[in-house]
Amino acid sequence: EGNPYTWWVGKANEKHYYWGGSGPGIQKCACGIERNCTDPKYYCNCDADYKQWRKDSGMLSYKEHLPVSQVVVGDLDRPGSEAKVSVGPVRCQGDRNYWNAASFVTSSSYLHFSTFQGETSADISFYFKTSASDGVFLENLGNTDFIKLELKSATEVSFSFDVGNGPVEIVVRSPNPLNDDQWHRVNAERNVKQASLQVDQLPLEVRKAPTEGHTRLELYSQLYVGAAGGQRGFLGCIRSLRMNGVTLDLEERAKVTPGVKPGCSGHCTSYGMYCANGGKCVEKYNGYSCDCSKTAYDGPFCIKDVGAFFEEGMWLRYNFHSPGTSMKDLVSRTLLSSADPEITAPDLSLNKEELSFSFSTTKSPCVLFYVSSYTPDFMAVLVNPTGNLQIRYNLGGTKEPYNIDIDHRNMANGQPHTVNVTRNGRDIVLQLDHYPPTSYSLPATSDIQFNSPKALFLGKVIEIGKIDQDIYKYNTPGFTGCLSRVQFNQIAPLKAALRPTNASSHVHIQGELVESNCGASPLTIPPMSAATDPWHLDSVLFTTSIFNSLFTASADFPYNGQAIGDGVNRNSAIIGGVIAVVIFTILCTLVFLIRYMFRHKGTYHTNEAKGAESAESADAAIMNNDPNFTETIDESKKEWLI
């Protein structure tokens, strides 16, 4: 029905249906592009469903989708259906000169190089980025001859020169501003027959050379990149400057030149998207970095989970304020907002919260997350005795707390689960794992202000004063398992505990906190509908071959049926294990007895390979007779790439 059984997951956890030798959005393999698939009705050799092995391979080169983080192979629950999958290494290549750049920070800044040798031929190309409306890119002078490239206005680039026949100027006009702080490419050429100028993909402007007159460009001064001869120089970035095939080292010269800095700012415009999970892109002259301080993640791109394993009875408390301090610093660090920075914590209230975390546990009931207050208000995320998830809000105005029960999924199954809760006023949105978000609404009588938040708890609630009875019961013995990437608004309590930050003083821990990413959800694939799901069981075993090494992996998918008590699952597993051990022992005993009884009664039989009389050797006869023999040898030497 058009839904692929097989796909791969790349950057940003997106599914892709194209394979090596093909391209994004095409949903074909290389043979589908070249129209030479085994079965012309399909676009991949493996879709032919033949009894013989077929192969689809090639290079994945669309770098915005790389690297490959996961490959999902389905349609393996039929007899005789097998798959081999291998993923080769990621290889990066490129020209470092492509990013050789310099930043001109004043209109009088310039770099100088030796005289440009372009008597009969000049080929100049570079990229520029600026917010200024005009400026000279480069210039080289002779007695009367010269060559110059400049930004004449926000929409005009000029290429002018004089070889002794009078000045010549070619201008390219852009319909859109060129001072938009984006990269633009300039390519200027001049030879004895003509001169041309092109900017980006705009039409090429060409000027024919006169049939008679001078043809040689005679220059004597140094080549100036930037301001020259008192003119207003270029203000911005220039990179990858090539003149007659030679790349000028702008960065090295900029290191010893006042007013010019090596590298170029503005990388965040092109690469800021790689700072994931709310990470902030920070400009650097030679690149960029990601600031992950306001996130629950770590690493160069804010994609590394920060999590910990909680033993029984262990808990973490994060105080929203330190006693006696004002709210100014707190407001700047969290989204706990207030117009008056001098108010004290009990006067603070929230009308919206954003909570996200992942966890795994096999014990229920337990408290995963809890926010207390100086009032009866609270927010809690719990696992109830049946293993179901419950979100509980008490904001006042109602006799009982408002509960959101997810009663059709067992969350205490040892698998990682992701929870995202967003409240804005009366509206609550809950997303569990990769299932679609579900909307809820607080009762009409409920208050919408979370008054005077006090502290955040993970694993257990240790608070002075009255606590909800159910939460009090769930406190014993406490949460056992893993919590990861916990973030409440802009507070990351686990990260504050495990990484030295300004917020670390707000954290108190009971027990030993061991860092672990065991609670991080590896699931990147949203669940398929029952009609299109190729897996009919809760788990499917499939064999994956990676560089000729066979591994058996188990793919567990979220359980959509009724929750099954832990006792039933545990008893079934024990009974099945005992039966398997008994059967295995009996088989081993029978094999041993048979080998013992017939150890002196063996027969010897040979099966001469056909064609042995014409083969040069016995090995050759075997290879000629058994085509699978050569295939096995060949396959052992290959690296299979998708």
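Things worth noting here:
- Residues of region 7-18 that are in contact with a helix residue (DSSP H, G or I) (Cβ under 8 Å, 6 or more places away or on another chain) and open to solvent by 30 Å² or more (accessible area, probe 1.4 Å): 11, 14.
- Residues of region 200-226 classified as small (Gly, Ala, Ser) and under 18 Å from residue 159 (Cβ atoms), total: 2
- Considered as a group, the residues in region 240-292 that are at pLDDT 85 or above, of a type in the set (A, V, I, L, M, F, W, C) and not in a strand (DSSP E or B) include one that is surrounded by the most Cβ atoms within 10 Å (Cβ to Cβ), and that residue is 250.
- When residue 217 is tested against (1) touching a strand residue (DSSP E or B) at 6+ places or on another chain (Cβ under 8 Å); (2) assigned to a loop (DSSP other than H, G, I, E, B); (3) loosely packed, with under 15 Cβ neighbours inside 10 Å; (4) of a type outside the set (Phe, Trp, Tyr), only condition (3) is not met.
- Every residue from region 166-185 that is in a loop (DSSP other than H, G, I, E, B), closer than 30 Å to residue 120 by Cβ and open to solvent by 70 Å² or more (accessible area, probe 1.4 Å): 167
- Region 119-142 - residue that is in a loop (DSSP other than H, G, I, E, B) and of a type outside the set (Asp, Glu) and, of those, surrounded by the most Cβ atoms within 10 Å (Cβ to Cβ): 130
- Boolean, residue 476 is touching a helix residue (DSSP H, G or I) at 6+ places or on another chain (Cβ under 8 Å), over 25 Å from residue 349 (Cβ atoms) and modelled with pLDDT under 90: no
- Within region 2-60, considering residues that are of a type outside the set (S, T, N, Q) and in contact with an Asp or Glu (Cβ under 6 Å, 6 or more places away or on another chain), the one nearest to residue 302 (Cα to Cα): 19
- With respect to the conditions (1) among the acidic types (Asp, Glu); (2) under 22 Å from residue 90 (Cβ atoms); (3) part of a helix (DSSP H, G or I), residue 47 lacks only one, and its number is (2).
- Residue check: residue 116 meets all listed conditions (1) in contact with a helix residue (DSSP H, G or I) (Cβ under 9 Å, 6 or more places away or on another chain); (2) closer than 30 Å to residue 149 by Cα; (3) buried (at least 16 other Cβ atoms within 10 Å of the Cβ) but one, namely (1).
- First in region 78-105 and not assigned by the TED database to the domain that holds residue 246 and modelled with pLDDT under 85, second anywhere and exposed (fewer than 10 other Cβ atoms within 10 Å of the Cβ) and part of a loop (DSSP other than H, G, I, E, B), Cβ under 9 Å, 6 or more apart: 80/51
- Filtered residues of region 61-77 (kept if in contact with a strand residue (DSSP E or B) (Cβ under 8 Å, 6 or more places away or on another chain), modelled with pLDDT of 85 or more and not small (Gly, Ala, Ser)): 65, 68, 70, 71, 72, 73
- Any pair with Cβ under 8 angstrom, 6 or more apart, that starts in region 1-20 at a residue that is in contact (Cβ under 8 Å) with a residue 12 or more places away in the chain and on the phi > 0 side of the Ramachandran plot and ends at one that is assigned to a strand (DSSP E or B) and open to solvent by 10 Å² or more (accessible area, probe 1.4 Å): none
Each row is one residue, and each column tells you yes or no for (1) open to solvent by 10 Å² or more (accessible area, probe 1.4 Å); (2) without any contact (Cβ under 8 Å) to a residue 24 or more places away in the chain.
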residue: 419; (1), (2): no, no
residue: 428; (1), (2): no, no
residue: 441; (1), (2): yes, yes
residue: 471; (1), (2): no, no
residue: 493; (1), (2): no, no
residue: 509; (1), (2): yes, no
residue: 513; (1), (2): yes, no
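- Residue, farthest from residue 350 (Cα to Cα), within region 455-469, restricted to residues that are over 34 Å from the mean Cα position of the chain (by Cα) and open to solvent by 40 Å² or more (accessible area, probe 1.4 Å): 469
- Considering region 50-82, and only residues there that are of a type in the set (Val, Ile, Thr) and assigned to a loop (DSSP other than H, G, I, E, B), the residue that is most open to solvent (accessible area, probe 1.4 Å) turns out to be 68.
- Test: residue in region 38-49 that is open to solvent by less than 80 Å² (accessible area, probe 1.4 Å), touching a residue at least 24 places away in the same chain (Cβ under 8 Å) and of a type in the set (S, T, N, Q): no
- Residue satisfying condition, being among the small types (Gly, Ala, Ser) and over 21 Å from residue 401 (Cβ atoms), within set 497, 455: 497
- Meets criteria (assigned to a helix (DSSP H, G or I) and at pLDDT 70 or above) for residue 466: no
The values are calculated or read from the model by the stated rules, or taken from the named source; none is laboratory data. Since the structure is predicted, the reported quantities are computational estimates derived from the model, not experimental observations. Note that we place each Cβ from the backbone using ideal geometry, even for glycine, and neighbour counts take in every protein chain shown. Side chains included, ligands, DNA and RNA excluded: accessible areas come from the protein's heavy atoms. Shrake-Rupley method; radii C 1.70, N 1.55, O 1.52, S 1.80 Å.
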